[in-house]
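Accompanying notes for the structure given below.
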Amino acid sequence: MLSLRQIEILRTVILRGTTAGAARSLGMSQPAISNAIRKMETSLEIQLFERSNNRIYPLDSAKILLEDSEPIFSTLQALEERIDDLRTDKLSRLRILSTGPLGLGLLPEVLKKFATSHPGMTYRYDIRRLSQVVRGVETGQVDIGFGLELRAGPGLVTQKLGVEEMVCICRPDHPLASRGAITSDDLRGEPFIALDGGTTLGEVTRDGFRKAGVPFEFAIEVSNAATACAMVRAGLGSALVDPWTARQMNDGKLCVRRFTPRIDCAAYAFWSGRRSMSRVCSQFLSAVRRRIAADEPG
């Protein structure tokens with residue numbers, strides 16, 4: 001069994017690349033670092049590093065341990081930040097993570113008005129992939145997360161903020177732009193820009209084609225809807241994206257059309273069920289709900 005200090009040494013050696021760098025970072029001597037590594041390998045009966053020319057190189061075993069230990073250090077970092085808040089009586093901070101569709105446009109607009117009405121607050125805000133947003137919420141790094149088509153696991157409290165339809169986008173000079181609505185059949189043989197099948201939006205898009213009985217074929221695959229919009233603006237084809245990204249990215253060079261069969265896209269807020277939501281976080285969530293409700297059709 002490894003102690004937390006041993007895991008910290010292992011992590012620091014891998015991240016710094018040398019035992020000397022790890023020693024400086026941890027305030028230890030280089031021999032002490034080398035000795036700690038040898039003790040870990042003896043205790044675990046696993047070789048963690050390869051030694052060559054007075055240097056050490058992490059093996060796959062060490063990299064796996066590093067990856068599995070990251071949630072531990074994320075939780076510790078969140079705890080240290082909370083202790084610092086308590087020490088300095090600085091409880092007026094709101095930490096937010098979001099995926100791109102809501103995080104690149106709608107949430108900053110809400111945050112701008114919210115910050116004006118809440119002087120003295122400080123904020124941490126970032127855009128990540130949905131899996132990273134979920135992890136940030138679970139480990140306590142952030143107070144609240146936002147994303148689309150969330151598949152919540154245990155420990156998360158979720159709230160559906162609204163449901164809209166995925167839309168088809170193309171350039172105004174594209175042949176499909178003349179149609180009032182675009183079907184999956186209309187996209188047969190057309191250069192199509194698909195969202196990555198490993199993303200939630202990519203999955204629901206592919207599922208929509210399966211239900212319509214139309215083969216899902218694409219010319220380009222991208223990781224997010226904002227990139228798909230950029231590809232469409234460049235004239236590389238058409239794409240299906242969420243409506244929030246379509247609104248944010250539409251600079252007049254995108255034509256947005258309804259898509260059939262309808263593919264629903266739900267927006268969620270989520271937070272940890274292990275800790276109570278702060279008053280200011282609840283107020284921000286209410287502001288986001290009002291903003292999304294104002295965007296809903298009708």
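Tabulated results
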{"read-out": "Inter-centroid distance (Cα atoms) of segment 1-22 relative to segment 32-49, Å", "value": "10"}
{"read-out": "Residues of type aspartates and glutamates that Lys211 reaches as a straight line, Cα spacing below 14 Å, ignoring anything fewer than 8 places off in the same chain", "value": "Asp185, Glu203, Asp264"}
{"read-out": "Relative contact order for segment 4-69, counting Cα pairs under 8 Å that sit 6 or more residues apart, in percent", "value": "30"}
{"read-out": "Protection proxy ranking, peptides 165-178, 18-31, 192-205, average beta carbon neighbours within 10 Å, highest first", "value": "192-205, 165-178, 18-31"}
{"read-out": "Where the Cα pairs of segment 102-167 fall when distances are cut into 10 Å bins, in %", "value": "16, 48, 31, 5"}
{"read-out": "Euclidean distance between Cα centres, segment 224-241 to segment 108-134, Å", "value": "26"}
{"read-out": "From phi via Karplus (6.51, -1.76, 1.60), per-residue ³J(HN,Hα) for segment 192-200 in Hz, x at Gly/Pro", "value": "10, 9, 9, 6, 3, x, x, 9, 5"}
{"read-out": "Cα centroid separation, segment 148-220 to segment 251-265 (Å)", "value": "9"}
{"read-out": "For the chain, with +1 on Lys and Arg beta carbons and -1 on Asp and Glu, the positive-most of Leu65, Val110, Gly235 along the dipole", "value": "Val110"}
{"read-out": "Estimated dipole of the chain in Debye, rounded to 20 [Cβ of Lys and Arg +1, of Asp and Glu -1, Cα centre]", "value": "760"}
{"read-out": "The chain: relative contact order in percent, alpha carbon pairs under 8 Å with at least 6 residues between", "value": "21"}
{"read-out": "Quarter of the Cα convex hull surface for segment 4-69, i.e. its orientation-mean projected area (nm²)", "value": "4.0"}
{"read-out": "Separation of the Ile220 and Asp207 label points, Cα + 7 Å toward Cβ, nm", "value": "2.7"}
{"read-out": "Cα centre as origin, Lys/Arg/Asp/Glu Cβ charges: segment 4-69 dipole, Debye", "value": "340"}
{"read-out": "Cα-based reach from Lys39 at 23 Å (exclusive), listing lysines while leaving out same-chain residues under 8 positions away", "value": "Lys63"}
{"read-out": "Burial order of peptide ranges 224-230, 129-135 (average beta-carbon count within 10 Å, highest first)", "value": "224-230, 129-135"}
{"read-out": "Sorted largest first, extent of the chain alpha carbons per principal axis (Å)", "value": "72, 48, 32"}
{"read-out": "Average projected area [Cα convex hull, segment 167-262], square nanometres", "value": "5.2"}
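Every number in this text was worked out from the coordinates using simple rules, so none of it is lab data. Note that the structure is a prediction, hence the values are computed from the model and not measured. Note: ideal-geometry Cβ built from the backbone for every residue, glycine included; neighbour counts use all protein chains shown.
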